[in-house]
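Participant: A single structure is presented below for examination.
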Amino acid sequence: MILQYHAWLRDNMGCATEHILLPDKVENVGMLLDWLQTQDERFKRAFKYIDVVLVSVNHHHADRDYPVHDEDEVVLVPPIAGG
């Protein structure tokens with residue numbers, strides 16, 4: 001799976017894109033986000049406000065129930081405010 005991070009999420013993760021191996025037990029976006037937070041401190045810190053982040057799977061808006069697979073591209077885009 002390819003994960004792409006944007007805006008402050010990219011800054012907190014320290015990269016814009018990374019590849020992960022999806023465990024068999026992860027079947028949807030919600031399970032993916034919950035699982036990622038258990039992987040290391042970097043995810044735990046960056047995902048502190050994950051509930052406000054928009055998720056796209058293969059260019060389709062995805063809620064927590066949206067299915068995910070190893071070959072997917074998941075994009076995480078936090079809200080961006082200008083001034």
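Participant: Has the stretch 1-18 got any residue that is assigned to a strand (DSSP E or B), of a type outside the set (Phe, Trp, Tyr) and crowded, with 16+ Cβ neighbours inside 10 Å?
Facilitator: To start, the set of residues in the stretch 1-18 that are assigned to a strand (DSSP E or B) comprises 2-5, 17-18.
Narrowing the set further to residues that are of a type outside the set (Phe, Trp, Tyr) leaves 2-4, 17-18.
Remaining after also requiring crowded, with 16+ Cβ neighbours inside 10 Å: 3-4.
Within the stretch 1-18, one or more residues are assigned to a strand (DSSP E or B), of a type outside the set (Phe, Trp, Tyr) and crowded, with 16+ Cβ neighbours inside 10 Å.
Participant: Run Asp11 past the list (1) farther than 11 Å from Val74 by Cβ; (2) of a type outside the set (A, V, I, L, M, F, W, C); (3) in contact (Cβ under 8 Å) with a residue 12 or more places away in the chain and report the number of the one that doesn't hold.
Facilitator: Going through the list (1) farther than 11 Å from Val74 by Cβ; (2) of a type outside the set (A, V, I, L, M, F, W, C); (3) in contact (Cβ under 8 Å) with a residue 12 or more places away in the chain, Asp11 breaks only (3).
Participant: Restricted to the stretch 19-49, and to residues that are among the β-branched types (Val, Ile, Thr) and surrounded by 15 or more Cβ atoms within 10 Å (Cβ to Cβ), which residue is farthest from Leu3 (Cα to Cα)? Let's see the steps before the verdict.
Facilitator: Step one: of the stretch 19-49, the residues among the β-branched types (Val, Ile, Thr) are 20, 26, 29, 38.
Still in the running and surrounded by 15 or more Cβ atoms within 10 Å (Cβ to Cβ): 20, 26, 29.
Values: Ile20: 7, Val26: 15, Val29: 12 Å.
The residue in question is Val26.
Participant: Taking the stretch 22-58 as the region of interest, how many residues are closer than 18 Å to Arg10 by Cα, touching a residue at least 12 places away in the same chain (Cβ under 8 Å) and part of a loop (DSSP other than H, G, I, E, B)?
Facilitator: Qualifying residue count for the region: 2.
Participant: Return the total of residues in the stretch 55-70 being out of contact with any helix residue (DSSP H, G or I) (no Cβ under 6 Å at 6 or more places or on another chain) and either at pLDDT below 95 or closer than 14 Å to Leu32 by Cα (or both).
Facilitator: Taking the stretch 55-70 and keeping what is out of contact with any helix residue (DSSP H, G or I) (no Cβ under 6 Å at 6 or more places or on another chain), we get 56-61, 63, 65, 67, 69-70.
Cutting the leftovers down to either at pLDDT below 95 or closer than 14 Å to Leu32 by Cα (or both) gives us 56-57, 63, 65, 67, 69-70.
Looking only at that region, the number is 7.
Participant: Determine which single condition Val52 fails, assuming it passes every other condition in (1) β-branched (Val, Ile, Thr); (2) more than 17 Å from Pro79 (Cα to Cα); (3) loosely packed, with under 12 Cβ neighbours inside 10 Å.
Facilitator: Of (1) β-branched (Val, Ile, Thr); (2) more than 17 Å from Pro79 (Cα to Cα); (3) loosely packed, with under 12 Cβ neighbours inside 10 Å, only one is false for Val52: (2).
Participant: For the stretch 64-83, how many residues meet the condition of being farther than 21 Å from Leu21 by Cα, surrounded by fewer than 14 Cβ atoms within 10 Å (Cβ to Cβ) and in contact (Cβ under 8 Å) with a residue 12 or more places away in the chain?
Facilitator: Count: 2.
The values are calculated or read from the model by the stated rules, or taken from the named source; none is laboratory data. Note that the structure is a prediction, hence the values are computed from the model and not measured. Because the Cβ atoms are built from the backbone with ideal geometry, glycine has one as well, and the counts that use them run over all protein chains shown.
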